[in-house]
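Every read-out reported here was derived from the displayed coordinates using simple, explicitly stated rules and does not represent laboratory data. What you are looking at is a predicted structure, and each value in this text was computed from that prediction instead of being measured. Glycine also receives a Cβ, built like all others from the backbone with ideal geometry; neighbour counts cover every protein chain displayed.
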Amino acid sequence: MVERLAQAKASAVARSTRLSDVTIVIAADTIVSLDDSPLGKPVDDADAIRMLRALRGRTHQVHTAITLVDTSTRQALSDLATSNVPMRNYSDDEIATYIATGDPLDKAGAYAIQHQGFHPVAQMRGCFANVMGLPLCHLTRTLRAIGFEPPADVPAACQSHIRYTCPVFAIILTYNDQ
């Protein structure tokens, strides 16, 4: 589902925009999945509470698809990042406090892993940036596959910015299934 949505987004932009100076369109889509059922963005506070209670103390998956379209060649490539995310056993009071911030209402699965007050995840062992919504090493890998080398050390910049020592970046960057 996320691959189809990322591809549709990238194709729509590549078709509808005058891209005289832009040669690469980047699109992404993220979904949270619990027991193989997608959790989108909550429609209201009650829906956010329902999602956070369902996720509490359990491991779920976050899937982000990235699609790149080279507008000069019309070549399109996609990549998919999947992270297992173990949630801690937060309380109903913590959920209520978090809901009151308004933050969950525009987040798939009703949470932001990076939220400074809530900290919903027990201990992350995968791609933190994927759970935030843009897995930068997957993006780098896909850019390299179309012949573009980013001018910076993306894994170092990502880890520095989010203050997370990523245990999977080297595996992601060396694996090529394109």
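Go ahead and run the numbers for FRET between T101 and T73, Cβ-Cβ distance against an R0 of 30 Å, rounding to 0.05.
Values: r = 44 Å, r/R0 = 1.48.
Calculated value: 0.10.
What percent does the relative contact order of the chain come to when contacts are Cα pairs within less than 8 Å and at least six residues apart?
Rounded, it is 21 percent for the chain.
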Relative to the longest principal Cα axis of the chain, at what angle does helix 2-16 sit, 0 to 90 degrees, rounded to 10? 50 degrees
Point-charge dipole on Cβ atoms (K/R +1, D/E -1) for the chain, about Cα centre, debye to 20: 240 debye
Using Cα atoms only, what is the angle between the long axis of helix 136-145 and the major principal axis of the chain, expressed in degrees (0 to 90) to the nearest 10? 20 degrees
Sketch the reach of a paramagnetic label on L80 as a point 7 Å from Cα along Cα-to-Cβ, and name the residues of region 29-68 whose backbone nitrogen lies under 14 Å away. 29-33, 36-38, 61-67
In whole Hz, the Karplus estimates of ³J(HN,Hα) for region 100-113 (6.51, -1.76, 1.60; θ = phi - 60°; x where Gly or Pro) are 4, 6, x, 4, x, 5, 10, 10, 4, x, 6, 8, 10, 4
Among A14, Y175, G133, which residue has its Cα positioned farthest towards the positive end of the charge dipole of the chain, with +1 placed on the Cβ of Lys and Arg, -1 on the Cβ of Asp and Glu, and the dipole taken about the Cα centre? Y175
Dimensionless Rg/Rh of region 2-174, both radii on Cα and Rh by Kirkwood, sits at 1.01
Restricting to DSSP loop positions (anything but H, G, I, E, B) with no more than 10 other Cβ atoms inside 10 Å of their own Cβ, which trypsin sites (Lys or Arg not before Pro) remain in region 43-82? R74
